[in-house]
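In what follows, a structure is listed as structure tokens, so that the remarks can point back to it.
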Amino acid sequence: AQQLDSFVTEHERGALRAGSGKLNWLHRNSRIDLGFDLAVSQQGVNSAKVPMLLHFNETVDQAWRHRELGLTFYPHLWIELALIGWPDSSWANVNSDGIMEDDPNDLDSESENVTLESQAGYVIGFTTEKALKVGAGLVSMASWLSHKLKRKVRSTLAAESAAGNECQEAVDVIRAHVAEA
């Protein structure tokens, strides 16, 4: 039995990489809900300790327990088509090794030198102009992403702004593809 502060073995690291690749396929094709936990696991592979393996195993368990989840696509007329996006972020919740921190403001004296980074993501879907006006309607998921922000930011507002900007850029690209079609 390994101690929680022990690094994983090379065999375990290889299994973590392989398992992350398999979960990544599932996430990219239909399981939006696995994005954050998968991103954290992938970011921490190189310096993984036992808690990272436990976190990854819980993510696999979550994928299995909710295996019935998937995507549903609804038909929308081209003339009524609209895009909608939801960005989100968590400021300073992941250290550079991908380990989640509970509260960035509650660091003990030993961890004050840890550089915390921010996780961001978005979900983009197709809906109709009418649904946007009424504030309710059917949405077909078109794109989603969860990742560590490339730049370190100083506040929650900065992290949220960065996530919003990425979401808007992705919406613009999809909108251009739709216009081209």
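The values are calculated or read from the model by the stated rules, or taken from the named source; none is laboratory data. Keep in mind it's a predicted model, so treat the numbers as computed, not measured. All Cβ positions, glycine included, derive from the backbone under ideal geometry; neighbour counts span all protein chains shown. The protein model used for the area step is the full one, side chains on, heavy atoms only, and it has no ligands, DNA or RNA in it. Shrake-Rupley method; radii C 1.70, N 1.55, O 1.52, S 1.80 Å.
Sparse packing (at most 12 other Cβ atoms within 10 Å of the Cβ) combined with a DSSP loop state is found for the following GluC sites (Glu not before Pro) in region 1-70: GLU68. For the chain, a Gaussian network of Cα nodes joined below 10 Å ranks ALA39, ALA18, ALA48 by mean-square fluctuation, and the top entry is ALA18. Near SER20, once Lys and Arg are set to +1 and Asp and Glu to -1 for all other residues with Cβ below 11 Å from its Cβ, the sum equals +2. Taking DSSP loops as anything outside H, G, I, E and B, show the longest stretch in the chain free of trypsin sites (Lys or Arg not before Pro) there with at most 12 other beta carbons within 10 Å. My reading of the result: 68-149 is the longest stretch. Taking the chain as a Gaussian network of alpha-carbon nodes connected by springs under 10 Å, the highest mean-square fluctuation of the residues GLY135, GLY70, GLY164 belongs to GLY135. When the surface is traced with a 1.4 Å probe over the full set of protein chains, PHE73 keeps roughly 130 Å² accessible. The share of accessible area on the chain that comes from carbon and sulfur is 53 percent, using a 1.4 angstrom probe.
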